[in-house]
Amino acid sequence: MQGQLKDVNDQIAATSKQLQDVGSQTQNLNSQMQNLFKQKTSIFNDLQNMNAILSIYTDDPDGSHAKSTMVVYEGQLQAAQDAASKDSQNKELAYQVTVMQQKIDDWKKHTEDLQNAIKTINGDPQAYKDQITEKQQSESSIQDQINDLQSQITTLNSTAGKLQPTLNNLYAQQETILDQINALQDSMQ
């Protein structure tokens with residue numbers, strides 16, 4: 001019986017080690033997956049920004065629309081200010097001045113964004129589109145890696161699910177053998 005107990009204890013040790021190894025591997029893969037999720041999120045944010053830049057650029061590649069719109073808005077602001085100065089008690093005219101000033105402020109921000117887009121794209125929208133495509137491919141590659149890691153984790157979890165009942169059975173065998181040894185020792189006394 002002592003030999004059986006030793007064999008069961010050896011099997012328990014080996015199975016416990018396997019279970020620990022599976023746990024360590026799973027933890028390592030989860031850590032890798034978290035890093036990949038961070039990379040993917042960063043690329044996703046970059047792509048959103050790049051697509052926004054391309055969209056702004058595509059709508060007005062030379063900035064002429066932005067300039068002409070600003071001239072119109074400035075003229076409307078001047079007219080609203082002139083009308084408000086003639087009738088300073090008219091709240092509607094004062095409101096129109098505020099609204100036009102906000103439109104100009106918003107358009108200035110748009111114009112700055114457009115100027116940055118024009119600089120970023122540097123007259124070569126195709127090269128910029130190619131950069132976007134490369135980022136998309138990189139994002140897709142990372143997703144493939146995440147899927148592969150998820151598959152490995154699923155396999156490891158399945159392995160752990162099989163090892164745990166085996167370990168439980170070995171503990172039960174160990175307990176049975178110990179009970180038998182104790183019974184034998186009690187009968188010998």
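The values are calculated or read from the model by the stated rules, or taken from the named source; none is laboratory data. A quick note: this is a predicted structure, and the numbers were derived from the prediction, not measured. Quick reminder, even Gly has a Cβ in these numbers, built from the backbone with ideal geometry, and neighbours come from all protein chains shown. We work out accessible area using only protein heavy atoms, side chains counted, and drop any ligands, DNA or RNA first. Shrake-Rupley method; radii C 1.70, N 1.55, O 1.52, S 1.80 Å.
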Pair list, Cβ < 7 Å and 6+ apart or interchain, from the stretch 65-76 residues that are closer than 19 Å to residue 113 by Cα and touching a residue at least 12 places away in the same chain (Cβ under 8 Å) to residues that are of a type in the set (Phe, Trp, Tyr) and open to solvent by less than 80 Å² (accessible area, probe 1.4 Å): 69/107; 70/107; 73/107
What is the number of the single condition among (1) at pLDDT below 95; (2) in a helix (DSSP H, G or I); (3) exposed (fewer than 13 other Cβ atoms within 10 Å of the Cβ) that residue 177 does not meet? (3)
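Go through the stretch 48-107 and count every residue that is within 30 Å of residue 139 (Cβ to Cβ) and either among the acidic types (Asp, Glu) or out of contact with any helix residue (DSSP H, G or I) (no Cβ under 9 Å at 6 or more places or on another chain) (or both).
4
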Restricting to the stretch 38-61, give me the number of residues that are at pLDDT below 95, among the acidic types (Asp, Glu) and open to solvent by 30 Å² or more (accessible area, probe 1.4 Å). 1
In the stretch 123-135, which residues are surrounded by 14 or more Cβ atoms within 10 Å (Cβ to Cβ) and under 20 Å from residue 38 (Cβ atoms)? 135
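Select, from 120, 98, 111, the only residue that is open to solvent by 60 Å² or more (accessible area, probe 1.4 Å) and in contact (Cβ under 8 Å) with a residue 40 or more places away in the chain.
When all the criteria are applied, what remains is 120.
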The stretch 1-53, residues that are acidic (Asp, Glu) and either under 23 Å from residue 173 (Cα atoms) or without any contact (Cβ under 8 Å) to a residue 24 or more places away in the chain (or both): 7, 10, 21
